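**Student:** Before I ask anything, let me first share the structure, which is written out below as C-alpha cells.
Throughout, read-outs are computed from the coordinates displayed, never taken from laboratory work. Computed from a prediction, not measured in an experiment: that's the story for all the values here. Here the Cβ positions follow ideal geometry from the backbone for every residue, glycine too, while neighbour counts run over all protein chains shown.
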Amino acid sequence: MEDKNWLISLAAGLIAASAVLYYIHYLAFHDLHHIGVFALHELAFLPIEVLIVTLVIHRMLETRETRRKLEKMNMVIGTFFSVAGSRLLRCFANSAGEAFPYRKELHINQEWSDKDFDKRSKELKGMSFEIELCNIDLKKLKSFLVEKEDFFVRMLENPMLLENETFTELLRAVFHLTEELHHRHDLTICPEKDLVHLKGDIDRVFGQLIVQWLEYMKYLKANYPYLFSLALRMNPFDESAGVMIK
C-alpha cells in the first residue's frame, strides 16, 4: 500500500512540475502557440521514446543482468562440485564398473565444442546407469553426505539457484539420498527391497550429476579456460587423470 501511495505521489509531483514549467514559459513569452507546438511535438515522439527505452535499453540492461546472475549461479554450482559433486561422481562411476559403458565418452578434451557437450548431455539424460551397491561403501557414503548436509541445505536456500531447475532438482535428489541414509542407523541389516530402493535413489543422483557436470564443464570451457584446464585434469570419469601437468 505504501508503494502504491509513493507512486501516486511521484506521478502527481511530476505532473505538477510539468504544469509549473509550462506556466513559467507562458509568463516569460506569452506564446500559447509555441507551447502547443512543442507539447504536441514531444507527445508525438513519446511512443518512439518508449520503444527505444523498452525494446533497446531495457533489453540491454536485462541481458546484462541475466549474465550477472548466470555468473553468480555458476560460481555456486562450481562450489558444489568442488565440495561434493566431483567426489560423488567419482564414487558412483567407479562403483558402476563395467556396467557403466559411457566412461570413455565423458573423457572431455580441449577440442570439444558446444555441440559435443549438448550431444553427450542429450544422450545421457534420463538414462539408468545401474550402480552396483556392492561396490559402494554405504557407511562412508552416508558419513560423507551427512557431513555435507548443512552445505546442501544452504544451497537449497540460495535464491540464485531457483532459476536453474535442473540444478535444483539435483540438489533435491542429493538431499533426499542424504536423508534416506541418515535415517538408517545400521546399513548392514538393510533387506534386499530396501537396498533396491537406495539403489534407485543413487541412480537418480548419478544421472542428474552427469548432466549438470557436462553443463558446468561447457560453461567453464567457454568462459574460464584456466578453470576448465584444472577440471579436465580432475575428470572423475578419467582413471588416468591427474592434477599434475605432464
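**Student:** Under the 0.36 nm per residue contour assumption, what length would be gained going from the current alpha-carbon distance of A11 and E157 to full extension?
**Tutor:** Result: 48.8 nm gained on full extension.
**Student:** Could you work out the helix-only [θ] at 222 nm for the chain, with each DSSP H run of four or more residues adding -39,500 (n - 2.57) and the total divided by the number of residues, to the nearest 500 deg cm²/dmol? Don't skip to the end; give the middle numbers.
**Tutor:** Working: 10 runs with 170 residues, N = 246.
When only DSSP H runs of four or more count, the value is -23000 deg cm²/dmol.
**Student:** Same structure again: For helix 138-147, report the angle its Cα long axis makes with the longest principal axis of the Cα atoms of the chain; keep it between 0 and 90° and round to the nearest 10°.
**Tutor:** Taking Cα atoms only, the helix is inclined about 30 degrees.
**Student:** Same structure, new question: Over the Cα atoms of region 135-175, compute the convex hull volume and normalise it per residue, giving Å³. Intermediate results must be reported in sequence, preceding the final value.
**Tutor:** Working: hull volume 2.4 nm³, N = 41.
That works out to 58 Å³ per residue.
**Student:** Still on this model: Quickly work out the E49-to-E105 label distance, labels modelled 7 Å from Cα along the C-beta direction, and quote it in nm with one decimal.
**Tutor:** Calculated label separation equals 5.8 nm.
**Student:** May I pose another question? So what are the three principal axis dimensions of region 157-201 from its Cα atoms, in whole Å, longest to shortest?
**Tutor:** That gives 40, 18, 8 Å along the principal axes, largest extent first.
**Student:** Once the Cα gyration tensor of the chain is found, what semi-axes does its equivalent ellipsoid get, as square roots of 5 times the eigenvalues, in whole Å, sorted largest first?
**Tutor:** Sorted largest first and rounded, they come to 58, 23, 14 Å.
**Student:** Let me ask something additional. Students often forget the sequence filter, so: which lysines lie under 21 Å Cα-Cα from K69 once same-chain residues fewer than 8 apart are removed?
**Tutor:** Within reach: K218, K221.
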